[in-house]
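Below is one structure, written out as structure tokens; comments come after it.
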Amino acid sequence: MTLVRQTSPHARSPNSTQQIMKWVLLAAVPGLAMQTVFFGWGTLINLVWCILIAVGSEALVLKIRQRPISFYLTDGSAIVTAVLLALALPPLSPWWLTLIGISFAIIIGKQLYGGLGNNPFNPAMLGYVLLLISFPQEMTQWLPPVGAAGHTAVKSFSEALFTIFPLFGHPINIDAISMATPLDIVRENTSLTMKELWSENPAFQYFAGRGWLWINLAYLLGGLFLLYKRVFSWHAPMGMLAALLVMSTLFWGGAGSGSHGSPLFHLFSGATMLGAFFIITDPVSSATSNKGRLIFGAGTGILVYVIRTWGGYPDGVAFATLLMNMAAPMIDYYTQPRTYGHKKPNKGLPEQH
Amino acid sequence: MNLPLRDITESRHMPEVKVRVWPLTGGIHPEENKRQSTSVPIKSVPMPDKLILPLSQHAGSPAEPIVAVGDRVLKGQMIARATGFVSVPVHAPTSGTVSAISSEAIPHPSGMHDECITLIPDGKDQWCQLQPINDYKSVEPSTLVELIRQSGIAGMGGAGFPAAVKLSPRSPIHTLILNGTECEPYITADDMLMRERADSIVTGAEILQHLLTSERCLIGIEDNKPEAIEALKKAVAQSSNGHQIKVVVFPTKYPSGGEKQLIQILTGLEVPSGKLPSDLGIAVQNVGTAVAVCDAVQHGKPLISRITTMTGEALSKPGNLEVLLGTPARHLLSAAGINDRQLDALIMGGPMMGFTLNGQDVPVIKTSNCLIAGTRGEFPPAMPAQACIRCGMCAEACPSSLLPQQLYWHAKSENHEQLKHHNLFDCIECGACSYVCPSSIPLVQYYRASKGEIRAQEARHAKAERSRVRYEHRQTRLEREQAEKEAKRKANAERAARLKAEKAASSNKESSAVPDPVQAAIERAKAKKVAASTTTNKPAKTTLSADQKELRIQLSLASAQLKKTRRALTQAQEKGEGDIDKLSADVSMLEAQVAKLQKEFETAAVSEPSAIEQPSAIRQQPRAEKNLDNEAAKKLKIESAMAKAALKKAERALATALEEGSSETEALRDAVEEYRQKADSLTKELVDANTGKPAKSSADDKKLKVEQAMAKAALKKAEREMTKAQELGSDDTLSLQDKIDECRKKLEQLESGKPSVADNATGATSSSYPVKTETSDDLKKLKIENAMARAALKKAQRALDNAEGDTQALEAALTKAQTKAAEAENALAAAS
Amino acid sequence: MEIVIFAIIALLALALVFGAILGFASVRFKVEGNPIIDQVNELLPQTQCGQCGFPGCRPYAEAIVSGEPINRCPPGGQSTINALADLLDVEPEPLDEEHGAEKPPMVAYIREDECIGCTKCLQACPVDAILGAARQMHTVMKDECTGCDLCVEPCPVDCIDMVAIETTPHTWSWTLPSREAEPGLIATDMRGQTV
């Protein structure tokens, strides 16, 4: 009889890429639930649509590249990308917007670089940024959250469905009901003090945006679960949140009309927690060493605040992530750990002989 | 957590005695699977049918067998000795007979074969004489180290590094560490050893401490072996040296048992990259090695057995066995109750760092601590590797704080610079990264392959560098030789010019200058004469009778004539003009004449053997073997005659010059020149005679063989050219074909000639002396002919090479070859 | 008119200054020899076999630097070509088959009982790796032999063989996990590539 011949180790941990992806999806459930609660069925419909397109386009490219389709599809990475993009899109984005975004993310952002593991950029953020630049109007049409005036307009499932897919029914006029996100409002605000803003504008509640606070808390919960499961280390999220905290404290500007918003407002508004625990922890496009990840996260946090406060877009997580993705290889070169038996860690590129 | 690396010099002082453990960087917690094999005590196995003992059971150069097939050896007898500093001998594990020294399957990840000594036990298990040392403390440490080396002890933990090498450190050792960690899953050999032979371990530790004069000894054990810890603590407490030995217990984590990792855990120090533990003043030995040292010193027993764990789900009776080295795995597996149907993977060593075996016929060697007979469910085949998602789990598991996934990417793209930059060579191949990898990437294989490739490339580069240096040396040597030749030539030319100038001057100044060159010429001639006669002529002359002299002169004259004619013939043949037929007829006639004369001379010489033998005792070689070697004698005679002729000529010329004065200097010069030529040829032939003799006296048909080989080669070459020509579609094909046929014919002739000559030679030895002379003469003729044929053939070939369609030259060459072949045929006829 | 003169003077002055700087630099930062030739020579396998058409490795290195193709070295094979391409920053090309095919590393082996001691191979060996004297049997120093083939042709009795260097357990090494080892997974990956 023939005996198996292979290289050591012969024992393997039960860990697998699929398992990691499953945990990530599971951890995203609370956030998804909160988003559905506050913004209606749109997010859920978008999500399903997005997954369909993602899996479809991934299969298409794999077919063209003549790779075994089921082997690569089952790693679940396309679904994770789809979920992350769907969560980042406005709830009632039209179907074609999602189609363009996710197919761009999968086909160009991931597969054209060689598939999972070879993409230098976070594919979901690449798709998001493409849409943000190409369709700025559609991308900023966020609905008023539950509790704010106008939310009742899209309460039913069918309304949401027909708004996303207008071919099958009568869409609601989204322009009439959409409103700016809290981050946008604070950025644009020049006249009202923070106190006035919070008391007068229905988009705000407690110390952050209405609904956004709970959504962020839900993502935080999911992130902590992933940390517990050791899907990723604490370095990147911690770096980002700490940097954001420091930046927003330094440039707070008090409670007057010139304020940029409190640190808590920044931590619990927009896509902060989604970014910190689900976006920048994408291992493929981030730095590799723990120290590198800390720097990577911190850089993202700083950029997020800079873009939010002085940039041209209401939120900066996507841009900040992509910019830091570009810096990741260099961070890697300068943050190698000190190897056992070496006095100093290696830095930079190897010396050319 | 990374601990700061202390300076080596700083660490030379012994760290504080307080027993404390440091945490391991990285590491994993794989399923231990140790209970299966610890429930029963160590058992022995019945004697196998045969023992296969690889010569390379350790790290370093393989041992060298000192027994032959068929030898009977005793238990404990050395059967292969160490071949260097980093090498250990092999001993017979039982008494029996050496049945083979051959290439057998060895336990190696390559699954290759290597030299092994196969021993068939005789069942008596008879020990050889043992020399135990009762009081090791009174023995010099260096003697003990030598004893340990000769006992064949190599590290028993798995790496198999010769123990004696570690015990002869470059710097003083303050801490001895005994490694009882056994962090790999499944393996319990050391665990059971510590439980059952704690006393031997402690004694071994004391001996090692005596050897190394270290101040303390730490025995490191993971906390998952409470029984072993208990046993060792008890043994230490009973020991007289117990205060120096500490049993240190630390948390279980893979790979704590790596040498570097254990040092980190027990001392908090890191072995600097590229250095050895001894540079820190630390020596690490496996507990099994300590037992082997104890056996070697206290009982005089060499390393001939070891404890091996037999485990895995395919075994019904897992446990630890005391195994004779060389026992085939099949024997052990059946002793442990193997279920062949369930067996899917056979692993030697642990599941983390061990390797799979191809079959059950490999033997257990000094490093084999475990055999795992795994089922498919236990060790499922590796999943196809998925893409690396840079999750970083490998970096967290790495005990050396490397970046495994970066190494993986660089290994995949074969970027060796980057691999070295990322400290690939600090990887200990523990497999923790592969274990945790969610994408099932065989990371360790990537590292091993890259390391091998880098090492191979460095070796290639070193070799290329050496070749370059050798090449350059050769070039300079050739240039120097060329320059020397050039200088000599120049000097000669200058001397000639100076002579000419002097001559011119002398002709101008008449009387005053005349005597000088003439005098010089006379002196030169005289000197040469003296030299020539002392080396060759004189003694022979003095001892030869008048008859012989006469004969010899005739003979030499005839030979000279023959030579001249033959030269003329060759020239004619080369030019392809002149009366070749007549010349060759002359040659054969002259040859016959020479042969006749030779025979006569020989008969005369034999009739007066004493006259020849007497001086031969005084003079050197040539004449000493004169009786036995006619050819040498003949040659020498020819040469002496030639020298004499030359001398005469020179003398005559000299006389003429003296008589006629300066007006005839030209003639003198010519004569001297000629004389010089003759002298040169004489020396050359002398050399030939000297060097050629042994070959001649050995066997003539050997020469024939050589010629035959050469003819064969020529035929081959001709055939090759033929095919080439055919490919090119050249017109030469026909003539080439002829040539090939010619060559083949010649070869056949030679082949048929060889045995007949050999027959003749054998016949000659039994017959009377003169007959033999004749035969050897014939043989000589045959040889000459053959040589000529060969030369002609070569020429033909050269002509062919140069020809490129020059059919004329080709045809000439062909005719030549034919003539030669005919001659060879004649010779053959003469010989037979 | 004055302006023109000033302009000319200014330009002359500038020319002088820069000329001086350049002259100084060329002396001060003079490059000894041609290090690129040495670097190329470093990469060549130093078999001195002449298969490239040049009488040794260094001449070929010089030729490469002056523009000869880098794919003429069969003993070095594709890895040498790649290394050269990397060094010279050109596209790696496949080995030029005209100069021979890539072979596994070889050493010469003399069948010693057939050797007649003619010393012809000694003279042919570019690295003096053959030992022997006239009418004495010759032998090859295995460690020094570059496997260049040059001794095979001169041998009059054809007693020299080129044998491939065998792998032993001591020289054996793992190989990279190959894609072919996973049949069906990326079977089509290599299609269209000349590997």
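Please determine, in degrees from 0 to 90 and to the nearest 10, the orientation of helix C:77-88 with respect to the longest principal axis defined by the Cα atoms of chain C, where the helix direction is its Cα long axis.
10
With a sphere of radius 14 Å drawn around the Cβ of A:Q137, what net charge do the other residues whose Cβ falls strictly inside it have (Lys, Arg +1; Asp, Glu -1)? If you can, show how the numbers build up before the last one.
Numbers: positive: none; negative: A:E138, A:D175, A:D184.
Local charge sum for A:Q137: -3.
Quick one: which residues, 5 or more positions from B:L53 or on another chain, have an amide H under 5 Å from its amide H? H modelled 1.01 Å from N in the peptide plane, none for Pro or chain starts.
Distant-sequence amide H within range of B:L53: B:I117, B:T118, B:L119.
B:R455 versus B:S39, label points 7 Å from Cα toward the beta carbon: distance in nm?
For B:R455 paired with B:S39, the spin-label model returns 4.1 nm.
Could you work out [θ]222 nm for chain A from helices alone, using -39500 (n - 2.57) per DSSP H run of at least four and dividing by all its residues? Round to the nearest 500 deg cm²/dmol. If you can, show how the numbers build up before the last one.
Values: 16 runs with 191 residues, N = 353.
Calculated at 222 nm, the ellipticity per residue is -17000 deg cm²/dmol.
Please give the net charge around A:S16, taking every other residue with its beta carbon less than 10 angstrom from that of A:S16, where Lys and Arg add +1 and Asp and Glu add -1.
In short, +1.
So for each of A:109-116, C:80-87, B:34-41 I average, over its residues, the number of other beta carbons within 10 Å; can you give me the resulting order with the highest mean first?
A:109-116, C:80-87, B:34-41
Taking beta carbons within 10 Å but only from partner chains, what does the mean come to for residues A:13-21? Can you show the working numbers first?
Working: counts 13, 1, 8, 6, 9, 3, 1, 5, 2.
Counting Cβ atoms of other protein chains within 10 Å of each residue's Cβ and averaging gives 5.
Residue-wise, which Karplus ³J(HN,Hα) couplings in Hz belong to the stretch B:71-79, taking 6.51 cos²θ - 1.76 cosθ + 1.60, θ = phi - 60°, and x for glycine or proline?
Going residue by residue, I get 5, 9, 10, 9, 4, x, 6, 6, 10 Hz, with x marking Gly and Pro.
Sum up the charges of everything whose Cβ sits under 14 Å from the Cβ of B:E479, counting Lys and Arg as +1 and Asp and Glu as -1, but leave B:E479 out.
0
At B:R477 and B:S171, where each label point lies 7 Å from the Cα along Cα→Cβ, what is the point-to-point distance in nanometres?
4.3
Return the average number of partner chain Cβ atoms within 10 angstrom of each residue Cβ along peptide C:164-175. List each step's numbers first, then the result.
Values: counts 0, 0, 0, 2, 7, 12, 8, 5, 6, 11, 15, 5.
Counting Cβ atoms of other protein chains within 10 Å of each residue's Cβ and averaging gives 6.
Per-residue counts of other Cβ atoms within 10 Å, averaged by peptide: what ranking do you get for B:73-84, B:229-240, highest first?
Final packing ranking: B:73-84, B:229-240.
How large is the charge dipole for chain A, taken about the Cα centre, if only the Cβ atoms of Lys, Arg (+1) and Asp, Glu (-1) carry charge, to the nearest 20 debye? All intermediate terms of the calculation are to be shown ahead of the outcome.
Details: 20 positive and 13 negative charges, 302 e Å.
Rounded to the nearest 20 debye, it is 1440 debye.
Could you tell me the extents of the stretch B:51-121's C-alpha atoms along the three principal axes, largest first, rounded to whole Å?
The principal-axis extents, from largest down, are 30, 27, 16 Å.
Please compute the average number of Cβ atoms from other chains found within 10 Å of each residue's Cβ in peptide A:278-287.
Mean inter-chain Cβ contacts per residue within 10 Å come to 2.
When only DSSP loop residues count, what trypsin sites (Lys or Arg not before Pro) in the stretch B:310-399 have their Cβ near at most 12 other Cβ atoms within 10 Å? Can you show the working numbers first?
Working: sites: B:R330, B:R341, B:K366, B:R376, B:R390; in loops: B:R341, B:K366, B:R376, B:R390.
Listed in order of number, the matching sites are B:R341.
With a bin width of 5 angstrom, please list the P(r) values of the stretch A:16-179 as percents of all Cα-Cα pairs, from the 0 bin to the one holding the largest distance.
1, 9, 18, 20, 19, 14, 9, 6, 3, 1, 0
Suppose every K and R has +1 on its Cβ and every D and E has -1 on its Cβ; what is the size of the dipole of chain C about the Cα centre, in Debye to the nearest 20?
In debye, rounded to 20, chain C gives about 520.
Tell me the trypsin sites (Lys or Arg not before Pro) within the stretch A:283-344 that lie in a loop according to DSSP and have at most 14 other beta-carbon atoms within 10 Å.
Passing sites in the stretch A:283-344 are A:K343.
Say R0 is 30 Å: what FRET efficiency, to the nearest 0.05, do B:K412 and C:K142 get from their beta-carbon distance?
With a Förster radius of 30 Å, E is 0.30.
Going by how many other beta carbons lie within 10 Å of each one, how would you line up B:T311, C:T175, B:T175, A:T335, fewest first?
Starting with the residue having the fewest Cβ neighbours, the order is C:T175, A:T335, B:T175, B:T311.
Give, as ranges by residue number, the residues of the stretch B:353-391 whose backbone N falls under 15 Å from the point 7 Å along Cα→Cβ of A:T74.
B:381-387
Please list, ordered by chain and number, the residues whose modelled amide H lies under 5 Å from the amide H of B:I338; skip anything fewer than 5 residues away on the same chain.
Amide H to amide H, under 5 Å and 5 or more residues apart or across chains, B:I338 pairs with B:S316.
Past 24 Å, Cα to Cα: identify those pairs from B:K275/B:K451; B:K596/B:K712; A:K344/B:K246; B:K43/B:K246, in the order given.
B:K596/B:K712; A:K344/B:K246; B:K43/B:K246
Please list, by residue number, every one of the GluC sites (Glu not before Pro) in the stretch C:33-114 that is coil in DSSP and has at most 14 other beta-carbon atoms within 10 Å.
C:E112
Quick one: if the Förster radius is 56 Å, what FRET efficiency do B:V469 and A:L245 give, using the C-beta to C-beta distance and rounding to 0.05?
0.30
Pop the C-beta distance of A:D175 and C:E91 into the FRET formula with R0 = 56 Å and round what comes out to the nearest 0.05.
FRET efficiency, A:D175 to C:E91: 0.50.
So what J values fall out for the stretch C:104-110 if you push phi through Karplus, 6.51 cos²θ - 1.76 cosθ + 1.60 with θ = phi - 60°, rounded to Hz, Gly and Pro as x?
3J(HN,Hα) across the stretch C:104-110, in whole Hz: x, x, 10, 10, 7, 9, 9.
Long-range amide H contacts for B:C370: which residues qualify at under 5 Å (H placed 1.01 Å from N, peptide plane, sequence gap of 5 or more or a different chain)?
The answer is B:T309, B:G349.
Could you check the spin-label model distance between A:L264 and C:F24? Points 7 Å from the Cα along Cα→Cβ, value in nm.
Computed distance between label sites A:L264 and C:F24 equals 6.7 nm.
Along the Cα-to-C-beta direction of C:V163, a point sits 7 Å from the Cα; which residues of the stretch B:67-101 have their amide N less than 20 Å from that point?
B:101
With a length cut of 15 Å (Cα positions projected on each helix's long axis) and a Kyte-Doolittle mean of at least -1.0, go through chain A and give me the DSSP H helices that pass. The partial results should precede the final answer.
Working: long enough: A:17-39 (32 Å, 1.07); A:42-64 (33 Å, 1.81); A:77-88 (17 Å, 2.50); A:123-134 (17 Å, 1.96); A:212-228 (24 Å, 1.59); A:235-250 (22 Å, 1.49); A:290-310 (30 Å, 0.60); A:317-334 (24 Å, 1.12).
Answer set is A:17-39, A:42-64, A:77-88, A:123-134, A:212-228, A:235-250, A:290-310, A:317-334.
For chain A, with the dipole built from +1 on Lys and Arg beta-carbon atoms and -1 on Asp and Glu ones, taken about the Cα centre, which of A:T43, A:N189, A:S77 lies farthest toward the positive end?
A:S77
Among the listed pairs A:K110/A:K347; B:K225/B:K253; B:K716/B:K745; A:K347/B:K420; B:K75/B:K366, give every one whose C-alpha distance is greater than 18 Å.
From A:K110/A:K347; B:K225/B:K253; B:K716/B:K745; A:K347/B:K420; B:K75/B:K366, over 18 Å: A:K110/A:K347.
Give a residue-ordered list of calculated ³J(HN,Hα) values for the stretch B:22-37 (Karplus: 6.51 cos²θ - 1.76 cosθ + 1.60, θ = phi - 60°; whole Hz; x for Gly, Pro).
9, x, 7, 6, x, x, 9, 10, x, 4, 6, 6, 9, 5, 3, 9
Read-outs: derived from the displayed coordinates by stated rules, not from any lab. All values reported here derive from a predicted model rather than from experimental measurement. Backbone-built Cβ (ideal geometry, glycine too); neighbour counts: all protein chains shown.
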